[in-house]
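Okay, structure first, notes after.
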Amino acid sequence: MLRLSLHRRRTLLPWLFLGPGLAWLVVFFAIPLVNQLNVSLQTGDPETGYAFTWAFSTYADAISEYDTQFARSIGYAATATVLCFAIGFPLAYFIAFKAGRWKSFMLLLIILPFFVSYVLRTVSWQLILADEGFVADALRTVGLLGEDGRLLATRTAVIAGITYNFLPFMALPLYVSLEKIDKRLIEAATDLYASRATAFRKVTLPLALPGIFAGSLLTFIPACGDFINAALLGTPRQFMIGNVIQSKYLVIQDYPEAAALSFILMSFILIGIFLYARVLGARNLTEAAI
Amino acid sequence: MAVEAPPAVAEPVVAAGRPGRGMRGDRVRTWALGLWSALALLYLFIPVFVIMVFSFNDPQGRFNFTWQGFTLDHWANPFENPDLALAMKNSLLIALIATVIATVLGTFMAMALIRYGFRGRSLVDFFVFLPLSTPEVVIGAALLALFLTMAVNTGFATIVIAHVMFTVSYVVVTVKARLEGMDRHIEEAAMDLGATEWTTFRKVTLPMIAPGVAAAALLAAAISVDDYVITSFNAGQTITFPLFIFGATRQGVPPEVNVLATGLLLIVLILMALNVLLQRRLARRDAARAA
């Protein structure tokens, strides 16, 4: 009798702990996504309202109408992710292996810009890259920028902005996985006559893979949906799919198409994650086998 | 590389050869890495410096874009603009409420996920992770669609709901990391010595996970104050600090925004410095006690 009630308590307790939080996520995250699926299959217009009609054609229309914005989002996000890795990996490597007593100070410096508003930092780039700004002036004087050349409102500005905003999301997971590496493993590799480059390629890099995986997802996913950088540093010619979804919802009020666009974006990202995990996982296995 | 001068005294080849050159190569590599890292950190700070400098600017028109002259006026009256003051108040209040709710909900979820093996745990794990891997624009839009369908007016309350929803996953992840590294034997010892589960939780578990919970709360508050995307969908007529800034870009962002942002950063820095001092003092006290 006592045993049974204890057992029952053991099985109920975790759900009691989980309950409130899980309910919040179900009601305000899962149900909205299902509801959005429903909205995406509706037809109508903002004046008369929308009704559910199994309108799968919205998806086809959305893709054919906004294929450039989709391609641009993925292209910009992928470029920014690669740039973040190129900038962030040496930084994370230095902090993990070489920084010594400067380690925590440098980590603090990576986190600190987070405490200044994201939107404001992007506005600040707007000011730095402005046509009459000092950077554009200097580049014009040196001749790197034509007389009517612009920094702001270009593809470069948008990608640089995204790279800037997500660099810490790449650098921190990279640091965490590099920091965890047992340095004796690298020593063992060089003791066994591996060159520095080989030791890096065969020991350090494979052990850092979890960080590379986490860092690139944390950069790529939000970058794909971002619209702040394109809105503040670009023009409609640099607009990404996030800008389209936002204006469809808040300005044009074409909810079905906006919902369909959200779902297409999400499925692109999920497929991307899946492929990426497969590629990294497979390489990881072959590295270990050799 | 230049050819090395022949050593004056004959030395074993091994000692003079590889390690010496390796050492110099090492130093060059470290310097190059250090320089790269310094430049990367500079890149992160350039816009922050610009924000700080322009908080002292005295713009002639509406746009705080070019340097016009030094003034302390904006620092003297940072809340002069009533819309900005209200936006800041909203942001801080929303962050406070959302952080408290999300921290409590998330901490309990993390405990359940780490402490109990139950059917469906990995599914719950995955479900909690899902909001973190969904673009904010999708989360914000989906939530707005729900509010529209249910004919709920968006405003202060819906912002709080949204903020709790997307910060709770961060709390779970952070607290879980702390719980995973914890020694369960200490709690078992407390229970063996006759403490009830509740007493053990209060006197042993909570103090041990407190740093993780505090870190999670700080993270949640920081994310909440900073959020633009999800908030923009669910704000209705309510204005928060990031919404105010974004809205002001068209007419020019007033320098008071720079003052408030710089002030917020200074407050965070002071809190961090105090925390370091406190930790040092505690460590010294513990060391003294041990001796």
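What follows draws every value from the coordinates through simple rules; no lab data is involved. What you see is a predicted model, and the numbers here were worked out from it, not measured in a lab. Neighbour counts run over all protein chains shown; Cβ positions are idealised from the backbone, glycine included.
Before we move on, is B:Pro254 in contact (Cβ under 8 Å) with a residue 40 or more places away in the chain and in contact with a Ser or Thr (Cβ under 7 Å, 6 or more places away or on another chain)?
So B:Pro254 does not fit the description; no.
Quick test of your reading of the structure: A:Tyr193 fulfils all but one of (1) within 17 Å of A:Thr79 (Cβ to Cβ); (2) aromatic (Phe, Trp, Tyr); (3) outside any helix (DSSP H, G or I). Name the failing condition by number.
If we test A:Tyr193 against (1) within 17 Å of A:Thr79 (Cβ to Cβ); (2) aromatic (Phe, Trp, Tyr); (3) outside any helix (DSSP H, G or I), just (1) comes out false.
Among the residues in region A:254-266, are any β-branched (Val, Ile, Thr), in contact (Cβ under 8 Å) with a residue 40 or more places away in the chain and part of a helix (DSSP H, G or I)?
Yes, that holds for at least one residue.
Confirm whether B:Phe118 is within 7 Å of chain A (Cβ to nearest Cβ) and over 28 Å from A:Lys248 (Cα atoms).
Considered against the rule, which asks whether it is within 7 Å of chain A (Cβ to nearest Cβ) and over 28 Å from A:Lys248 (Cα atoms), B:Phe118 comes out as yes.
If the requirement is being touching a Leu at 6+ places or on another chain (Cβ under 6 Å), part of a helix (DSSP H, G or I) and among the aliphatic types (A, V, I, L, M), which of these qualifies: A:Ala96, A:Ala55?
A:Ala96
Condition check: charged (D, E, K, R) and either within 13 Å of chain B (Cβ to nearest Cβ) or part of a helix (DSSP H, G or I) (or both). Does A:Arg150 satisfy that?
The answer is no for A:Arg150.
Any residue that is more than 10 Å from every other protein chain (Cβ to nearest Cβ), within 30 Å of A:Ala92 (Cα to Cα) and surrounded by fewer than 17 Cβ atoms within 10 Å (Cβ to Cβ) - is there at least one of those in region A:230-245?
No: zero hits.
Considering only residues that are in a helix (DSSP H, G or I) and crowded, with 21+ Cβ neighbours inside 10 Å, which ones fall in region B:227-245?
Hits for region B:227-245 are B:Val229, B:Ile230, B:Thr231, B:Ser232, B:Phe233, B:Asn234, B:Phe241, B:Pro242, B:Phe244, B:Ile245.
Please pick out the residue among A:Phe169, A:Phe115 that is hydrophobic (A, V, I, L, M, F, W, C) and buried (at least 19 other Cβ atoms within 10 Å of the Cβ).
One residue alone meets the criteria, A:Phe169.
Report every pair of residues separated by at least 6 positions or lying on different chains whose Cβ atoms are under 8 Å apart, first residue within region A:99-125 and over 13 Å from B:Pro242 (Cβ atoms), second of a type in the set (Lys, Arg) and part of a helix (DSSP H, G or I).
A:Pro113/A:Arg121
Determine, yes or no, whether B:Ala98 is touching a Lys or Arg at 6+ places or on another chain (Cβ under 6 Å) and buried (at least 22 other Cβ atoms within 10 Å of the Cβ).
Answer is no for this residue.
Got a number for residues in region B:115-137 being surrounded by fewer than 18 Cβ atoms within 10 Å (Cβ to Cβ) and not in a loop (DSSP other than H, G, I, E, B)?
Residues that pass the stated criteria total 11.
Can you tell me which residues in region A:47-64 are in contact (Cβ under 8 Å) with a residue 40 or more places away in the chain and among the acidic types (Asp, Glu)?
A:Asp61
Which ones in region A:98-144 are closer than 21 Å to B:Ile223 by Cβ and of a type in the set (D, E, K, R)?
A:Arg121, the sole residue that qualifies.
Check B:Ala288, B:Ala273 and return the single one that is out of contact with any helix residue (DSSP H, G or I) (no Cβ under 9 Å at 6 or more places or on another chain), exposed (fewer than 12 other Cβ atoms within 10 Å of the Cβ), of a type outside the set (S, T, N, Q) and within 11 Å of chain A (Cβ to nearest Cβ).
One residue alone meets the criteria, B:Ala273.
Could you please find all residues in region B:147-175 being assigned to a helix (DSSP H, G or I), touching a helix residue (DSSP H, G or I) at 6+ places or on another chain (Cβ under 8 Å) and more than 17 Å from A:Pro20 (Cα to Cα)?
Listed by number, the residues that qualify are B:Phe147, B:Leu148, B:Thr149, B:Phe156, B:Thr158, B:Ile159, B:Thr174.
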